[in-house]
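Scroll down for the structure; my scribbles are underneath it.
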Amino acid sequence: MKSGSKRHFAPVSRRAFVGALVGAAFFASAAEAQVPAGYPADYAKIIEDAKKEGSVKVYATTDAKAASPLIKDFEALYGIKVEYNDLNSTELYNRFIAESASSSGTADVTWSSAPDLQVKLVADGLAVAYASPEVDKLPKWAVFNNQAYGTTYEPMVIVYNKSQMPAGDTFTDHTSLAKLLTAKADVYKGKVTAYDPERSGVGFLMMNRDVVADPKVWDLFNAFGKAESKYYTSAGAMIEKVGSGEHLIAYNIFASYAALQTKKNPNLGVIYPSDFTLVATRVAFIPTKANHPNAGKLFLDYLLSKRGQTIVAKAELFSIRDDVEGAATAKAVNEKIGATARPIPVSNELLGTLEQSKRLEFLNKWQASQKK
Amino acid sequence: MPIGIMRRLVLAIMGLMILAPIGIMVYQSFLDAPFFDANAKFSLWAYRFVLAEPDFWKALTTTALLAVGMTAIAVPLGALLAFLITRTDMPGRSWVEPLLLVPIFLSPLVLAFGYVVSMGPVGFITVWWKSAFGSEFWNIYSFSALILIAGLTHAPHVYLYASSALRALPGDLEEAARMTGATPRRVASDVSIPMIRPALAFSGVLIFFLGFEVFGLPLILGDPQGLLVLSTYLYKLTNKLGVPSYQLMAVVVMVILLIALPLVLLQRILLRTAQRYVSVRGKAVRTNLVRLGQWRWPAFGLIAIWFIGTVLIPMMGLILRSFVSSWGLGINLFDVLTLDNYVELFDDTEVVHAIINTVLIATVGGALSVGCYVLIALAQHRWRSGWTRISDYLVMLPRAMPGVVAGLAIFWIFLFVTPLTPLRTTLFAVWIAYTLVWLAYGLRLVQSSLLQVAPELEEAARVVGAKEGRAMRDITLPLIKNGMVAAWMLIVLIFVREYSTAVYLLGPGTEVIGSLVVSRWGGGAVDLVTALSCVNVVLITVGLLVAIRSGVKLHG
């Protein structure tokens, strides 16, 4: 992971220098051979220019650890070093807008799990228009103006503790969960947890989209209030505490997080709500102020390619392409939930959720639903 | 160079480094958009917005209560710990010291999580208690528990200040008291503790300030109740507006600054009579320990209780969590025991980088920082002028910004001040950020040992013809050696866990343990975080033990 990442402050050894020369010579000669199948012929020029740039700087919210197979494979494929910066979505936003306003340039690709913030950056004119050769392989809702691209297909699921749930209590969707919590509010008092829409951007966006998908979901939020649910700002704490039995149900958890944790704790169960399941995507774009725009294009295309998406699936980040096989893929998810998937579109629609008046309106309604 | 110019130069550089980030924040608070946005205009909107927010006032009140509460617990406790460990013959004191410091260098987020695993609603101690005695009497998510835990875990900070002052104290005063029949308790309360009043006043104000920016503890322990303190309020603010709003953050900083300045004034008043505390005089003394007699074991018991509550209980939770794949109700721990978390840890090259970087920046960087602090302290030493008065106020300011905000301000400086730009993604920038933010802490340690040096020693040197600079180098510096070592220790420990001020300066290759803990925690890798923290604790305590055993003189 992050190979060679210490180089920029270690003295360059002679061996590394010779190695770099040999490497450069080798890759220069291999350039044409590497245009991926089905790409336009002039793509060779992008590859060539990207190699001259030498490295690609990525600002991402995906854990460096989860992304490491992608990084390694990309580096092996093109011989271009990936400088991978693992940030949270607010840090990414802060860093990116300041750098875009400065003269020193910014990342070559941003890749964030906050689609609303990404769309805002695009709308503010901070992303270049670039039609990826992979665009036909992506669902329409995941492509925004040929500027921003959805890269994953992550259902929002409900995680629960199988061994500690009261015997006989079951739920399959938003409605039946609302009924269960309303009927047995005492039993579930303090046992349900979710992202706090007041303090967490993800929490706000997801609950907002829940309401778009089905306004009846307010019944569920009212039931949360009645059961005195606990709201958190991080998924890690929620899943951990459902696993330990302190809580029983965690609502709106990324399936990618849930998948990793259920493997380690067999007590955890995952429910894809059968009335509708939100599907989130990590959004990538190439900034206008990118220092290495060609390397950025290469990385974006790689991320969307079948090769890249196969690795996305293996890392359990859920591939967005139909033609990738495996458990963590759009194909497998759609087989499970079919027509009830409600992808969160990468579009102008998301700008509405960032408007202050609309946010306050939603939050006021939310606070009212939580009053006992 | 004449000493007067040196003094002014050092203080001017320090002032510039402090005022740059603060200045950006002041400026930002009066704008209606980010300051680097070409459309930003002058506006008081941010002030109106924040001051009209009920949540802001709630957060401010909670934070003030927390700060007062934890100071009231930490200062007396820290002073007592320092007295028992440095001035008495309490059994086991040399072994206790390194362990005592665990709460300083362990990320508060992790420490708080340790309490959740051990004493949370389904923690292993709670479950055992329930099966033995029925329902438990504590709730670690309550506000009083938060204050108590914050107080207990900040006592070691006070301990460091108090112990370095106590070590410089000659034993004759205590001995005289003991010989005239005073009990060890009287010796402590009437002789030793009053003599170190300046160190306690310093640390009291510092702890109060730390209270204003505690983040990890309320994040973990207050999250389930939605408890708001100023640092978590900043998140809520960002979320209300959808995107981060720097002018609103800046206004919060302005409010904290307004609280900070009178505190510094108070501190100056407390120290106006600093002359009274001179204890390193121009005569040879031998330090004798206060013999506790029959109080030896009760004293040991007291420390043991504090230690169990503050270090052992959370550490047991962490150690347990790091060796299992899951825990809690309905899980037989013997079925889930595993070494996987550790195997995974050492497979992770990022972790290895982080450990190396952290050790480097803490030890080497820490020593350099203390060097800077000593320079500044000497520049102010025995110099009554407007310069020293103003710089006394200034040093406190960087700490008035919550870590995340300070991180942003420092990032902006490195980004927009062109000569600094090339340094931005290096460990050097990280070091500058750390040095700046912890300036007040390191400097106070150095200053409080300087306070104890009697002027006659330097005067003697001057009388025999030494210049002022020579007297400082040959007389003053050697006399405050202990203070410098203590300052270095504190800085090493604090740098080990610090990261938030450098969060925008860290990149691939410059990751540190603190940033890794938070980013992995956010991604839900609790097992990796707990394993890393246990390795961290072992590394640092072994390091401290080796240092002390191999003759790093902490005991005068």
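The values are calculated or read from the model by the stated rules, or taken from the named source; none is laboratory data. Everything numeric here is computed off the predicted structure, so don't read it as measured data. Cβ sites come from the backbone with ideal geometry, for glycine too, and all protein chains shown count toward neighbours. What goes into the accessible areas is simple: the full protein's heavy atoms, side chains included, and nothing from ligands, DNA or RNA. Shrake-Rupley method; radii C 1.70, N 1.55, O 1.52, S 1.80 Å.
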Query raised in the report: Out of curiosity, is residue B:426 closer than 30 Å to residue A:91 by Cα, without any contact (Cβ under 8 Å) to a residue 60 or more places away in the chain and surrounded by fewer than 22 Cβ atoms within 10 Å (Cβ to Cβ)?
Result: no
Query raised in the report: Among A:369, A:319, A:347, which is the only one that is farther than 25 Å from residue B:523 by Cα, away from every other protein chain (no Cβ under 14 Å), open to solvent by less than 70 Å² (accessible area, probe 1.4 Å) and under 19 Å from the mean Cα position of the chain (by Cα)?
Result: A:347
Report summary line: A careful count of residues in segment B:1-37 that are among the charged types (D, E, K, R), out of contact with any Lys or Arg (no Cβ under 8 Å at 6 or more places or on another chain) and not assigned by TED's automatic domain parsing to the domain that holds residue B:375 gives 1
Query - For residue A:159: the one exception among (1) over 18 Å from residue B:224 (Cβ atoms); (2) open to solvent by less than 10 Å² (accessible area, probe 1.4 Å) - result: (1)
Query raised in the report: Is it true that residue B:464 is β-branched (Val, Ile, Thr) and under 25 Å from residue B:109 (Cα atoms)?
Result: no
Report task. Scan segment A:87-125 residue by residue and report those that are away from every other protein chain (no Cβ under 12 Å) and either more than 12 Å from the chain's Cα centre (by Cα) or modelled with pLDDT under 95 (or both). Result -> A:108, A:109, A:122, A:125
Requested in this report: Output the residues belonging to segment A:145-160 that are touching a helix residue (DSSP H, G or I) at 6+ places or on another chain (Cβ under 6 Å) and either more than 24 Å from residue A:316 (Cα to Cα) or within 14 Å of another protein chain (Cβ to nearest Cβ) (or both).
Outcome: A:147, A:154, A:157, A:159
Report summary line: Residue set A:249, A:271; condition more than 27 Å from residue A:56 (Cα to Cα), in contact with a Leu (Cβ under 9 Å, 6 or more places away or on another chain) and surrounded by fewer than 22 Cβ atoms within 10 Å (Cβ to Cβ); output residue A:271
Query raised in the report: Considering only segment A:140-195, how many residues are in a loop (DSSP other than H, G, I, E, B), touching a residue at least 12 places away in the same chain (Cβ under 8 Å) and among the polar types (S, T, N, Q)?
Result: 7
Query raised in the report: In segment A:237-248, is there at least one residue being more than 14 Å from chain B (Cβ to nearest Cβ) and either farther than 27 Å from residue A:150 by Cα or modelled with pLDDT of 95 or more (or both)?
Result: no
Report task. Assess whether residue B:441 counts as being assigned to a helix (DSSP H, G or I), within 26 Å of residue B:259 (Cβ to Cβ), open to solvent by less than 30 Å² (accessible area, probe 1.4 Å) and away from chain A (no Cβ under 14 Å). Result -> yes
Requested in this report: Go through B:207, B:147 for me and flag whichever is under 30 Å from residue B:295 (Cα atoms) and either assigned by TED's automatic domain parsing to the domain that holds residue B:479 or open to solvent by 10 Å² or more (accessible area, probe 1.4 Å) (or both).
Outcome: B:147
Query raised in the report: Of all residues in segment B:67-125, how many are out of contact with any helix residue (DSSP H, G or I) (no Cβ under 6 Å at 6 or more places or on another chain), within 14 Å of chain A (Cβ to nearest Cβ) and either open to solvent by less than 10 Å² (accessible area, probe 1.4 Å) or under 19 Å from residue B:296 (Cβ atoms) (or both)?
Result: 2
Report task. Report, by residue number, each residue of segment B:23-38 that is within 22 Å of residue A:124 (Cα to Cα), of a type outside the set (A, V, I, L, M, F, W, C) and more than 11 Å from every other protein chain (Cβ to nearest Cβ). Result -> B:28, B:32
Report task. Could you grab me the full set of residues in segment B:491-504 that are more than 8 Å from chain A (Cβ to nearest Cβ) and either surrounded by 24 or more Cβ atoms within 10 Å (Cβ to Cβ) or aromatic (Phe, Trp, Tyr) (or both)? Result -> B:491, B:492, B:495, B:496, B:497, B:498, B:499, B:501, B:502
**Report entry** Residue check, residue A:262 within 9 Å of chain B (Cβ to nearest Cβ) and not acidic (Asp, Glu)
**Finding:** no
Report summary line: segment B:295-345: helices (runs of 4 or more DSSP H) wholly inside it with 3 or more residues that are in contact (Cβ under 8 Å) with a residue 24 or more places away in the chain are B:296-307, B:313-322
Query raised in the report: For segment A:181-211, what are the residues that are more than 31 Å from the chain's Cα centre (by Cα), open to solvent by 20 Å² or more (accessible area, probe 1.4 Å) and more than 14 Å from chain B (Cβ to nearest Cβ)?
Result: A:182, A:183, A:184, A:186, A:187
Report summary line: By residue number, the members of segment A:178-198 that are under 15 Å from residue A:248 (Cα atoms) and out of contact with any Leu (no Cβ under 6 Å at 6 or more places or on another chain) are A:180, A:181, A:184, A:185, A:186, A:187, A:189, A:190, A:192, A:193, A:194, A:195
Report summary line: Restricting attention to segment A:71-85, the residues that are facing chain B (nearest Cβ under 10 Å) and open to solvent by less than 30 Å² (accessible area, probe 1.4 Å) number exactly 4
Query raised in the report: Looking at residue A:32, is it at pLDDT below 75 and charged (D, E, K, R)?
Result: yes
Query raised in the report: Which number in (1) surrounded by 24 or more Cβ atoms within 10 Å (Cβ to Cβ); (2) touching a residue at least 12 places away in the same chain (Cβ under 8 Å) marks the one condition that residue A:244 misses?
Result: (2)
**Report entry** helices (runs of 4 or more DSSP H) completely within segment B:165-273 that count 2 or more residues being away from chain A (no Cβ under 14 Å)
**Finding:** B:172-179, B:197-213, B:246-270
Requested in this report: Scan segment B:508-531 residue by residue and report those that are within 26 Å of residue B:431 (Cβ to Cβ) and hydrophobic (A, V, I, L, M, F, W, C).
Outcome: B:512, B:513, B:516, B:517, B:518, B:521, B:529
